[in-house]
Amino acid sequence: MSDLWASRRSEARERVEPLAVRMRPRTLDDVVGQEQVLGEGKLLRRMIDADAVMSLILHGPPGTGKTTLAGVIAAHTKRRFVRENASSVGVKRIREIIDDADRRLGESGRRTILFLDEIHRFSKSQQDVLLGDVERGLITLIGATTENPLFAVNSALISRSTLFRLQSLSEDEVVEVLRRAIADEERGYGTYDLTVTDEALRVWAIKSEGDARRALTALEVAVLSSQERQSDKQTKRQGGDRGTSSLRNSVSASRPIVINKDTAEASIQEKVAVYGDDGHYDAASAMIKSVRGSDPDAALYWIARMLNAGEDPRFIARRLAILASEDIGNADPRAVVIAESCWNLVERIGMPECRITLGQLATYLALAPKSNRAYKAIDAALEDVASGRVLPVPMFLRDPNTSPQGDDEGRGVRVEDLGGESYEYSHSAGDIVTGQDYLGVQKAYYEPSDEGAEKVLAQRLAEIKLLRSRLRREK
């Protein structure tokens with residue numbers, strides 16, 4: 001009797017499983033895409049085929065199959081699969097999993113894979129309990145995250161794991177996933193009189209943005225909603241109220257369903273640009289590189305993506321202000337002033353109006369002349385200082401109040417009386433250029449470009465160097 005009820009409970013659970021769950025790949029050959037890690041000769045495929053899977057961290061956008069791949073690895077290597085969420089699993093549960101894995105390994109030699117979703121939320125106390133047994137091979141840890149693990153995951157886990165990035169599926173790969181679901185008689189709609197046009201498939205492939213789960217959900221919504229419309233008509237004709245499941249079965253068996261482009265459009269919600277931290281940094285990087293590359297249209301698009309995803313506009317303003325100095329610099333000195341004004345306005349007016357200010361700033365910076373010479377100059381100077389090449393301040397440049405010179409009796413003396421060079425007040429030199437050496441070594445950090453206003457600075461610097469050289473020769 002217990003087996004009967006267990007079977008019924010299992011069947012009940014299966015009946016309510018979404019299409020995306022039912023269509024999860026069961027073998028490596030079922031997996032669509034991810035050739036960069038699962039293709040012939042690729043590292044992860046070699047590890048799986050050789051049953052040499054150690055700790056892994058799978059990261060990438062939603063819907064790329066991280067959970068599914070972990071389950072496939074467990075099935076292929078014949079290991080027990082235990083799934084937990086790192087944000088909710090406690091130390092007590094981890095100890096139970098370890099003890100169970102130890103017992104199973106001793107009794108049957110079968111190993112255990114512990115799959116931790118949202119592994120970036122794994123706490124240090126949880127690590128302390130688990131990592132020793134992971135190192136000894138008692139348990140295999142597979143983590144999944146939509147964030148960049150190098151930033152989000154604890155270093156202790158990173159050092160013990162191999163990282164694999166899963167990519168969003170291409171449009172053709174999404175279409176392949178959909179076609180498999182339509183044809184599958186066991187888990188999909190293979191027993192239905194179902195026709196889905198190529199245009200409908202392409203709509204889902206584009207709008208899902210590489211998220212297979214989202215595309216399958218759209219297919220399921222389209223099929224079920226079409227069934228409901230036909231069921232309503234049939235119920236009215238029959239003048240009765242039949243059970244939903246029996247109606248669906250009779251409709252799917254007897255009435256054709258056609259899903260065209262319009263139905264597909266109506267079955268998928270516009271996707272909010274979801275950020276894991278990957279999306280956050282990737283979109284910001286795309287914006288910066290578009291402005292740096294002088295493409296105002298691309299810059300506006302990436303800003304729109306960020307704002308649509310709920311990004312804080314102050315973050316965007318901050319990044320553009322940094323760019324104004326880093327990538328434009330003295331080629332257009334006004335850029336940093338305009339960026340500062342934009343940042344202040346964004347702080348004051350907020351969304352939605354500040355989108356206009358951000359758009360104005362981004363287009364100005366994109367079309368401004370570019371130079372990173374000032375940025376490179378300060379970094380070169382910092383590198384010299386950090387490398388230990390610290391130069392003493394020349395005596396004539398020191399502050400006489402904070403670094404006084406004196407004789408043995410404490411009376412102040414002039415630098416020139418000590419045999420050193422005296423400071424020359426630049427405004428008395430006529431052109432504010434003297435022949436003095438303010439650094440003490442021959443070193444050129446700042447080399448202006450010929451872009452925009454910096455071309456004028458380059459000419460001025462050349463004149464100063466020539467004049468300073470002449471004045472030194474005359475001394």
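The values are calculated or read from the model by the stated rules, or taken from the named source; none is laboratory data. Owing to the predicted nature of the structure, the values given are computational and were not obtained by experimental measurement. Note: ideal-geometry Cβ built from the backbone for every residue, glycine included; neighbour counts use all protein chains shown.
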task: State which residue pairs qualify: first residue touching a residue at least 60 places away in the same chain (Cβ under 8 Å) and farther than 26 Å from Asp99 by Cβ and inside segment 139-162, second residue in a strand (DSSP E or B) and polar (S, T, N, Q) in any location, beta carbons under 7 Å apart, and separation of 6 or more residues or different chains.
output: Ala152/Thr145
message: Just the residues that are closer than 18 Å to Ile328 by Cα and among the small types (Gly, Ala, Ser), please, taken from segment 441-475.
response: Ser449, Gly452, Ala453, Ala458
statement: Given the conditions (1) free of Cβ contacts under 8 Å to residues at least 24 places away in the same chain; (2) surrounded by 14 or more Cβ atoms within 10 Å (Cβ to Cβ); (3) charged (D, E, K, R), every one holds for Lys92 apart from (2)
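Output the residues belonging to segment 452-475 that are within 30 Å of Pro369 (Cα to Cα) and either not hydrophobic (A, V, I, L, M, F, W, C) or not in a helix (DSSP H, G or I) (or both). Please lay out each step first, then the result.
Going through segment 452-475, the residues within 30 Å of Pro369 (Cα to Cα) turn out to be 452-468.
Selection gives Gly452, Ala453, Glu454, Lys455, Gln459, Arg460, Glu463, Lys465, Arg468.
Go through segment 369-390 and report how many residues are more than 28 Å from the chain's Cα centre (by Cα) and touching a residue at least 60 places away in the same chain (Cβ under 8 Å).
Taking segment 369-390 first, the residues more than 28 Å from the chain's Cα centre (by Cα) are 369, 373-374, 377-378, 380-390.
Remaining after also requiring touching a residue at least 60 places away in the same chain (Cβ under 8 Å): 369, 373-374, 377-378, 380-381.
Residues flagged as more than 28 Å from the chain's Cα centre (by Cα) and touching a residue at least 60 places away in the same chain (Cβ under 8 Å) within segment 369-390 amount to 7.
Take segment 103-123 and flag every residue that is part of a helix (DSSP H, G or I) and touching a helix residue (DSSP H, G or I) at 6+ places or on another chain (Cβ under 8 Å). Working first, answer last.
Initial filter on segment 103-123 (part of a helix (DSSP H, G or I)): 103-108, 119-121.
Ile119, His120 - these are the residues of segment 103-123 that are part of a helix (DSSP H, G or I) and touching a helix residue (DSSP H, G or I) at 6+ places or on another chain (Cβ under 8 Å).
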query: Counting only residues that are closer than 16 Å to Ile73 by Cα and either of a type in the set (Val, Ile, Thr) or not assigned by TED's automatic domain parsing to the domain that holds Phe81 (or both), how many does segment 114-145 have?
result: 3
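Name the single residue that is nearest to the chain's Cα centre (by Cα) among those in segment 456-475 being free of Cβ contacts under 8 Å to residues at least 60 places away in the same chain and surrounded by 15 or more Cβ atoms within 10 Å (Cβ to Cβ).
Of the residues in segment 456-475, the ones free of Cβ contacts under 8 Å to residues at least 60 places away in the same chain are 456, 458-475.
If we keep only those that are surrounded by 15 or more Cβ atoms within 10 Å (Cβ to Cβ) as well, we get 458, 461, 467-468, 471.
Values: Ala458: 39, Leu461: 42, Leu467: 51, Arg468: 50, Leu471: 55 Å.
Result: Ala458.
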field: Residues (assigned to a helix (DSSP H, G or I), under 13 Å from Thr64 (Cβ atoms) and of a type in the set (Val, Ile, Thr)) located in segment 19-44
entry: Val37
- prompt: Can you tell me which residues in segment 78-129 are under 27 Å from Gly60 (Cβ atoms) and β-branched (Val, Ile, Thr)?
  reply: Val82, Val89, Ile94, Ile97, Thr112, Ile113, Ile119
